[in-house]
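To start, the structure itself, in structure tokens.
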Amino acid sequence: MSERPEQRKDPVDAIIDQWATVRPDLDTAAMEVFGRINRLSHAIGERVGQAYAKFGISRGEFDVLATLRRSGEPYTLSPRQLSATLMLTTGGMTGRLDKLERAGLLRRSPDPHDRRGLQVTLTGEGLALVDEAVGAGLAVQTEALSALGEERAGRLAALLRDLLAGTDRP
């Protein structure tokens, strides 16, 4: 990747420079992109996690509440649907559900259509909390993107969409 003179060096540049010294034969263009994506994901993930912590929930717990919220009224899904959406094992999901239920943010009840199944429903308290928390998390993300400006952030979103689509192939 060509560097423009006005660009500041970042930690990924240092890694690329080290590889260029010891393995000048390598094309590190992909490392420049994915190294930065990884670092951004970690940095913003930490900040968003701190925003959610103010509401007494972790990022993983937010994901459960947000999945229920996005499902629309009556904000109910089965544990299996939640696990599939969040790509969690049933054991991992059970732990999150237990904690959120103890906090009064969701409730589990028998599934009226399947005697062996359960339904997970967002409570009124959970609905209010997730609506506040999503705003707080988005504020952190929006602030980070403001460094690019609206047009460049839109271009980045489009480029990342294309990149993601290219990785979703079998």
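The values are calculated or read from the model by the stated rules, or taken from the named source; none is laboratory data. None of these values were measured; they are calculated from a predicted model. Every residue, glycine among them, receives a Cβ derived from its backbone with ideal geometry; neighbour counts consider all protein chains shown. SASA here: full protein model, heavy atoms, side chains in, ligands and nucleic acids out. Shrake-Rupley method; radii C 1.70, N 1.55, O 1.52, S 1.80 Å.
Miscellaneous remarks
- Extension gain from TRP19 to ALA43, taking 0.36 nm per residue of separation minus the Cα-Cα distance: 6.3 nm
- Rounded accessible area of ARG39 (nearest 10 Å², 1.4 Å probe): 110 Å²
- Shown in residue order for region 97-108 are the 3J(HN,Hα) couplings computed by the Karplus curve 6.51 cos²θ - 1.76 cosθ + 1.60 at θ = phi - 60°: 4, 4, 5, 5, 5, 4, 7, x, 8, 8, 9, 9 Hz (x for Gly and Pro).
- Amide hydrogen proximity for LEU118: with H placed 1.01 Å from N in the peptide plane, the residues at 5 or more positions away or on another chain lying under 5 Å are ASP111.
- When you count the other C-beta atoms within 10 angstrom of each residue and take the mean per peptide, 22-29, 135-142 line up highest first as 135-142, 22-29.
- Sites LEU145 and MET87 - FRET efficiency at Förster radius 30 Å, r taken between beta-carbons, to 0.05: 0.75
- For the chain, convex hull of alpha carbons as volume per residue, Å³: 174 Å³
- Accessible area of region 56-121 belonging to carbon and sulfur atoms, whole % at 1.4 Å probe: 50 percent
- Computed from Cα atoms, the angle from the helix 124-145 axis to the main principal axis of the chain rounds to 10 degrees.
- Theoretical FRET efficiency, 1/(1+(r/R0)^6), r = Cβ-Cβ of LEU164 and ASP98, R0 22 Å, to 0.05: 0.10
- Most to least accessible of LYS99, LYS9, LYS54 (protein chains only, probe 1.4 Å): LYS54, LYS9, LYS99
- Where the chain is the region considered: accessible area per residue in Å², 1.4 Å probe: 69 Å²
- Projecting the Cα atoms of TRP19, ALA103, LEU65 onto the dipole axis of the chain, where Lys and Arg carry +1 and Asp and Glu carry -1 at the beta carbon, places ALA103 farthest toward the positive end.
- Residues GLU73, GLU151 ordered from highest to lowest accessible area at a 1.4 Å probe: GLU73, GLU151.
- The relative contact order of the chain, computed from alpha carbon pairs under 8 Å that lie at least 6 residues apart in sequence, is 20 percent.
- Separation in nanometres of the label points that stand 7 Å from Cα toward Cβ, at ASP111 and VAL33: 4.0 nm
- Centre separation in Å (Cα based) which lies between region 25-56 and region 112-155: 19 Å
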